[in-house]
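Worksheet: one structure, shown below.
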Ligand code: S3P
């Protein structure tokens with residue numbers, strides 16, 4: 001099995017919450033790329049966007065992702081929603097491990113993020129419209145970047161984690177047979 005499990009998907013689809021819980025369950029360390037970027041930059045994401053623009057944030061995101069290639073051991077990695085947009089990042093994701101796309105409908109995301117103030121891209125007059133636009137742009141990119149898609153609408157954490165654990169054990173078994 002390619003060693004890490006990586007969660008991708010739109011803002012608010014549950015990558016960090018699912019990833020953290022999964023890391024307890026599977027006893028694997030957890031890395032959240034957004035948190036790592038913030039720790040390394042010494043500032044929060046809205047501050048990075050305000051001072052360096054989205055382009056500055058994307059550069060930080062790319063180098064954060066590349067730095068994970070040097071890490072040893074199997075991990076659960078949750079990623080920022082825009083990370084797979086760069087083609088070179090998608091190549092790094094494939095190298096890092098099995099990529100799971102947590103797919104959610106725009107209405108699910110809007111329901112979760114309508115009062116959010118921490119996502120610079122959604123601080124607009126009409127966040128619902130923005131979510132729909134960004135999702136339309138990104139859906140096929142997430143699909144192309146993923147090894148597998150897990151739909152999350154209407155499911156609780158247990159259901160989602162159950163599906164991912166099944167995949168994880170399948171990948172592990174396949175890996176044992178290949179050795
Ligand atoms: C972004 C998603 C955010 C964060 C930044 C940009 C995006 O992460 O990286 O605000 O472009 O979709 P989450 O997906 O964890 O919210």
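The values are calculated or read from the model by the stated rules, or taken from the named source; none is laboratory data. None of these values were measured; they are calculated from a predicted model. Counting neighbours? That spans all protein chains shown, and the Cβs are built from the backbone with ideal geometry, glycine included.
See the values below:
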item	result
Some residue of segment 142-150 being surrounded by fewer than 18 Cβ atoms within 10 Å (Cβ to Cβ), out of contact with any strand residue (DSSP E or B) (no Cβ under 9 Å at 6 or more places or on another chain) and at pLDDT 95 or above	yes
Identity of the residue in segment 7-34, in a strand (DSSP E or B) and within 13 Å of the ligand (Cβ to nearest atom), that ends up nearest to residue 82 (Cα to Cα)	8
